[in-house]
Amino acid sequence: MEHCATFPTIRGLCPHTSLSRFHGFRYYITGPHVHNVNLRASIVAKADSLNCFGWTQNVVEGQNVKEGGSGNAVVGEARCNKKRGAELQEWIEKGVFSEGAVVTDVQVKVYDDTKIKLHFSHFKVLDNERVTCFRNMPHMCDEFKEEGGGQASKGQEEGGQGGSEEL
């Protein structure tokens, strides 16, 4: 376990923290054809095959769209064991999903504490009407853009907090 060198050991053993066991991240995928092309279904299938949990959702026009964005985006969070999380992240970053999907950009934010805000026992597709946005990029809530460029205030989590549902 590589990280054991940076953490104190207990009786010579590496502590079992969530950092040593899990990998959590947020992704934001944009492109001219990312909706209605089974992109979310392919993410769910890949995540399920790796025993990951989390969520994915289409970003619709006018719903906390990244500055300059058109609403052609898919956002989500994932949490997996260390090895499989890195595998899912790499697969998402490649941007090769379902036939018909045209991806121009993939942004990923790896969480330092691996925690994601919405926990499910599997990988879930959220309804488009549900507002999901965060205190920082990618997919920052409009109100946090206006409050100073997305810097989380002291005591706020870096991970996925934000929006009207406090994600």
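When restricted to residues that are part of a helix (DSSP H, G or I), over 18 Å from HIS139 (Cβ atoms) and of a type in the set (A, V, I, L, M, F, W, C), region 30-46 contains 3. Examine region 109-122 for a residue that is closer than 15 Å to ALA47 by Cβ, surrounded by 19 or more Cβ atoms within 10 Å (Cβ to Cβ) and at pLDDT 85 or above, and state whether such a residue exists. No: zero hits. If I go through region 10-36 residue by residue, how many of them are hydrophobic (A, V, I, L, M, F, W, C) and at pLDDT 90 or above? Here the count works out to 3.
If the condition is being in a helix (DSSP H, G or I) and within 13 Å of SER42 (Cα to Cα), then region 72-93 contributes LEU88, TRP91, ILE92.
The values are calculated or read from the model by the stated rules, or taken from the named source; none is laboratory data. Small disclaimer: the values here were computed from a predicted structure and weren't measured. Don't worry about glycine lacking a Cβ; one is built from the backbone with ideal geometry, like all the others, and counts go over all protein chains shown.
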